[in-house]
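Read the figures in this text as sums done on the coordinates, not as results from a lab. The shown structure was predicted, so the numbers you read here are calculated from the model rather than taken from an experiment. Cβ coordinates were reconstructed from backbone atoms using ideal geometry, including for glycine residues, and neighbour counts include every protein chain displayed.
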Amino acid sequence: MILLAVDPHRPDPAALEQAARVLRDGGLVAFPTETVYGLGAHALDPAAVQRIYQAKGRPAYNPLIVHVADAAAARALAASWPEQAERLAAAFWPGPLTLVLPKHDSIPHSVTAGLPSVALRVPAHPVAHALLRAAGIPVAAPSANRSTAVSPTTARHVARSLGERVDVIVDGGPCPVGIESTVLSLAGPVPTLLRPGTISVDDLRPVIGDVALPSGATHATAARPSPGMLDRHYAPRATVRLVPGAERARVLADAAESVDGGNRVGALLLEDARDARIAPVVRMPDDPAGYAARLYAALHELDEAGCDLILIDPPPDAPAWSGVRDRLRRAATSP
Ligand code: TXA
Ligand code: MG
């Protein structure tokens, strides 16, 4: 594996050309986007796409997002491009919004897991953008982690999770947004939110009118609108529990009883709360954008510290927190 460190704002064109060549030749390149690191491969090369599923241990039924440099390139990969797509692209691209549209014939079935639709995204990160321009091809890229694990927001997270399974890691520093893009389907009769992110329905509704929320069916065997909406996902090795401050002492007492003292308990808290039984404690930002940017790195840190149990203060119920709440809920679901 080759590690290429670049300036996040002014990446070295020679380094990006090296990574772009690997992509064009069918290799795997991990690169930073504004949300999380992606594991990229040539989206129109079925053998390259297959390598993504292998490297991640990703089930074949979970389709990939195709990344392109601009809206015109996205449009060329959709069989139809409704007015709503045009408006959303103008309002939010480049940025952390993924649009699901009827797929163009050029897209291999392995990219879409056999679905008639394709997920398209124009990332805003300067490194992702410059890499896509240099490559000149659509790049399929899921988050650059083993399937169901916590997504990577640094190059080190990628190296720890995928190591030699990837050909190149482009290190452009930490990802500023920190949780995955909002996924919105325009492939059905009404625009439907498939995965909440930092762009919320409150941001989308002024642009396209009403947005339907995801349905409840998320079990692995049930038909689901977005196959990535598994109940357990984005999960660290440790057990995660969402516990309000008032219940923390009781949960800690139970944890101490159920194991013979060997349990290591860490926490992500929204308040200063000192308790000798909890270490490490990560004090989380109390705004949704700051919280999202910190979340995955904090979970990685507590995993690396050897925590068996991670207690998390439930964040507020407001719409702006829906992306964060969704990831916490999935992280807290038992296997
Ligand atoms: O922010 C992001 O979106 C990151 C960065 C790397 O761009 N990518 C990412 O990819 O999160 P991944 O593979 O981890 O998540 C893709 C999500 C999954 O929930 C998948 O099921 C959904 O998009 N998806 C992909 N194609 C779809 C389709 N045709 N219909 C419905 N959902 C789809
Ligand atoms: Mg993922």
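Below, the figures for the structure above:
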{"read-out": "Rounded to 5, percent antiparallel among DSSP beta bridges of the stretch 1-157", "value": "85 percent"}
{"read-out": "In degrees, nearest ten, helix 126-135 long axis to first principal axis of the chain (Cα)", "value": "30 degrees"}
{"read-out": "Mean Cβ neighbour count within 10 Å, used as a protection proxy, ranking 75-81, 14-20, 155-161 highest first", "value": "155-161, 14-20, 75-81"}
{"read-out": "Peptides ranked, highest mean first, by Cβ atoms within 10 Å: ranges 274-284, 194-204", "value": "194-204, 274-284"}
{"read-out": "Counting DSSP beta bridges with both ends in the chain, the antiparallel % (nearest 5)", "value": "40 percent"}
{"read-out": "Cut-off 9 Å between beta-carbons: net charge of the residues surrounding Thr333, Lys and Arg +1, Asp and Glu -1", "value": "+2"}
{"read-out": "Counting all C-alpha pairs of the stretch 239-331, share separated by more than 17 Å (%)", "value": "46 percent"}
{"read-out": "Mean residue ellipticity (222 nm) of the chain, computed from DSSP H runs ≥ 4 via -39,500 (n - 2.57), nearest 500", "value": "-9500 deg cm²/dmol"}
{"read-out": "Amide proton proximity set for Leu270, modelled H, under 5 Å, gap of 5+", "value": "Met284, Asp313"}
{"read-out": "Cα-projected label distance for Arg87 with Asp25, points at 7 Å along beta-carbon direction, nm", "value": "4.6 nm"}
{"read-out": "Gap separating the Cα centres of the stretch 271-335 and the stretch 29-87, nearest whole Å", "value": "28 Å"}
{"read-out": "Kirkwood estimate for the stretch 2-208, i.e. one over the average of 1/r between Cα atoms, Å", "value": "16.6 Å"}
{"read-out": "Segment Leu3-Ala279, extension gain: residue separation times 0.36 nm, minus the distance between their alpha carbons", "value": "96.1 nm"}
